[in-house]
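Structure first, then comments.
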Amino acid sequence: IDVRLPGMKIATVAASPVVGGKLVSVDDAKARAIKGVRQIVRLDDAVAVVADHMWAAKQGLAALDIRWDDGQHGKINTADVVEGLAAAAQTPGVVVRNEGNAPAVLAGATNKLESVYEVPFLAHATMEPMNCTVRLSSDRCEIWTGTQVITRAQGGAARVTGLPLDKVEVHNHYLGGGFGRRLEFDIVTQAVRIAQQVGGPVKVIWTREEDIQHDVYRPYYYDRMAAALNAQSQPVAWMHRIVGPSIIARYLPAAFKNGIDIDGVDGAAQLLYDIPAIRVEYVRHEEPALNTGFWRGVGVTHNNFVIESFVDELAAAAKQDPAAFRRALLRKSPRAMAVLDIATQASGWGKPLPEGRGRGVSVLFSEWGNYLAEVAEVSVSKAGEVRVHRAVCAVDCGTVVNPDTVKAQIESGIVFGISGALWGGVTLKNGRVEQSNFHDVRVMRINETPAIEVHLVRNLEAPGGIGEPGTAVTAAAVSNAVFAATGRRIRKLPLENQLRSA
């Protein structure tokens, strides 16, 4: 966003507020009268104002009178998305894991629990909004942007321009926040399309509103859970049906095999708890009206919230301590048991807390090869406001090369995860995203951040990735702590929305 080139103009954009919508007409007379505005660029699905500086471009954009054709998604609301997911959840999915005969055990069980969990669309809300600078000539394209995958950005520009790859050069910069959003290259292709109509270099910067309302969101997921307990109150059957779109099928089609999205089932497929009968299913259901993609923590962020919340439900039904209940199921997983012991001991698990406070625990394992356990300590006001006072996380990521880097990743992941768990959520009305800025896409601020402790397990196991799991382990720990503090089991995020609606 700080790139400066000789003769460069600044552009900002209004894209169709509905995915798949098209531009019908633009009255640009008022915009052209604003000092500094140089050009109005029309695309099939967007309008850009090109100016000498950002303020003129933004003023010009606000002065445009734009008419859109919303297309087929113009009447879709969040409730329609949920209705589609719920209907899809009635159908058995592709079997991801099958041990024993969970359906038969559940059918004959006298003590069983069933729950439905929902997690919302989530925006990335990176501190630096999406932006890209392009300098284009007849035989060369230069791009300055922050991207998580340079080759995808390069390939996208090449397809738009028709140039060979060796004539497209990408100057990669610090991201200004990625979290999966900058795996996508929509800003690059849009900026190139604008540059094709502008003589000279142009920097395209999205406003914060454009950034929030045209994100590639974490999907909405809908999960059906069921478990059976025996006479000793131990789980003997586990059923998990995951319903949602496939990011992998779009982003990495070669990895989408046998109808299974390996990211969408991450954490669920590797369930560590020692239960005789386990069945995990995946139902692919594509969601209309919003583009979806990876979000920090990726698939296991949603699955861990569901799994660890439901395990807490089972512990409550068994009238057992949540940590002790998990230990009994982790005897065959010593690394998971170890992080659970470290986190609970360091957090003072079992020690009395002031009235209105509670502790919750979450254990995580995923395809990254990491074992984490987190204990969150929260309080809940009468108005339903949640304050996370402390988060204690034990991490076994194998061989640790740089402990400070690991701790920093976990700390930032916990902050990101708390923000999503408490306040995150993007909703649709008439095909349009209702949120627009940080007033309604809240991000945790420094004064709201809890005391965070990270305890590393030292061993010589193979190193695992560390950028994602701190986020993924957090939502369930916080939600379980809310249950401990209030007695309310939250099965739908964000937490504060549910608490305030009670």
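Name the single residue that is surrounded by the most Cβ atoms within 10 Å (Cβ to Cβ) among those in region 243-283 being more than 25 Å from Ser115 (Cβ to Cβ) and of a type in the set (Lys, Arg). Among those that are more than 25 Å from Ser115 (Cβ to Cβ) and of a type in the set (Lys, Arg), it is Arg250.
Residues in region 401-414 that are of a type in the set (A, V, I, L, M, F, W, C) and surrounded by fewer than 22 Cβ atoms within 10 Å (Cβ to Cβ): 3 in all.
Kindly provide the set of residues from region 1-27 that are in contact with a helix residue (DSSP H, G or I) (Cβ under 9 Å, 6 or more places away or on another chain) and surrounded by fewer than 20 Cβ atoms within 10 Å (Cβ to Cβ), ordered by number.
Looking only at region 1-27, we keep the residues that are in contact with a helix residue (DSSP H, G or I) (Cβ under 9 Å, 6 or more places away or on another chain), and these are 9-22.
Within region 1-27, Pro17, Gly20, Lys22 meet the criteria.
Pairing each residue of region 449-472 that is buried (at least 19 other Cβ atoms within 10 Å of the Cβ) with any residue that is of a type in the set (Gly, Ala, Ser) and in a strand (DSSP E or B), provided the two are 6+ apart or on different chains, yields C-beta distances under 6 Å for Pro450/Ala391; Ile452/Ala391. The numbered conditions (1) in contact with a Leu (Cβ under 8 Å, 6 or more places away or on another chain); (2) assigned to a loop (DSSP other than H, G, I, E, B); (3) of a type in the set (Gly, Ala, Ser) are all true for Ala125 except (1).
Has region 17-30 got any residue that is over 27 Å from the mean Cα position of the chain (by Cα), modelled with pLDDT of 95 or more, under 30 Å from Pro120 (Cα atoms) and not polar (S, T, N, Q)? Yes - at least one qualifying residue is present in region 17-30.
Anything in region 140-172 that is among the aliphatic types (A, V, I, L, M) and under 18 Å from Val3 (Cβ atoms)? List them, or say none.
To start, the set of residues in region 140-172 that are among the aliphatic types (A, V, I, L, M) comprises 143, 149-150, 153, 157-158, 160, 163, 165, 168, 170.
Listed by number, the residues that qualify are Ile143, Ile150, Ala153, Ala157, Val168, Val170.
Condition check for Ala237 on (1) surrounded by fewer than 17 Cβ atoms within 10 Å (Cβ to Cβ); (2) more than 21 Å from the chain's Cα centre (by Cα); (3) not hydroxyl-bearing (Ser, Thr, Tyr): one failure, at (1). Val105 passes every criterion in (1) β-branched (Val, Ile, Thr); (2) buried (at least 18 other Cβ atoms within 10 Å of the Cβ); (3) closer than 30 Å to Asp211 by Cα apart from (3). Checking Ala86, Ala46, Ala63, Ala31 one by one, the residue that is in contact (Cβ under 8 Å) with a residue 40 or more places away in the chain and either buried (at least 16 other Cβ atoms within 10 Å of the Cβ) or of a type in the set (Ser, Thr, Tyr) (or both) is Ala46 and no other.
The single residue among Gly356, Gly369, Gly348, Gly398 that is at positive phi, free of Cβ contacts under 8 Å to residues at least 12 places away in the same chain, out of contact with any Leu (no Cβ under 6 Å at 6 or more places or on another chain) and not aliphatic (A, V, I, L, M) turns out to be Gly348.
Condition (residue is among the hydroxyl-bearing types (Ser, Thr, Tyr), assigned to a loop (DSSP other than H, G, I, E, B), in the same structural domain as Glu281 (by TED's automatic domain parsing) and closer than 30 Å to Ala228 by Cβ) applied to region 113-121: is it met by at least one residue?
Initially, region 113-121 is screened for residues among the hydroxyl-bearing types (Ser, Thr, Tyr), giving 115, 117.
From what is left, the residues that are assigned to a loop (DSSP other than H, G, I, E, B) are none.
Checked region 113-121: no residue is among the hydroxyl-bearing types (Ser, Thr, Tyr), assigned to a loop (DSSP other than H, G, I, E, B), in the same structural domain as Glu281 (by TED's automatic domain parsing) and closer than 30 Å to Ala228 by Cβ.
Of the conditions (1) loosely packed, with under 15 Cβ neighbours inside 10 Å; (2) more than 22 Å from Asp44 (Cβ to Cβ), Gly162 clears all except one; give me its number. (2) is the only condition that Gly162 fails. Of the helices (runs of 4 or more DSSP H) contained entirely in region 290-394, those carrying at least 2 residues that are touching a Pro at 6+ places or on another chain (Cβ under 8 Å), assigned by TED's automatic domain parsing to the domain that holds Leu271 and closer than 25 Å to Lys492 by Cβ fall at 299-317.
The values are calculated or read from the model by the stated rules, or taken from the named source; none is laboratory data. These numbers come from a predicted model, not from an experiment. Here the Cβ is made from the backbone with ideal geometry for all residues, glycine too, and neighbour counts use every protein chain on show.
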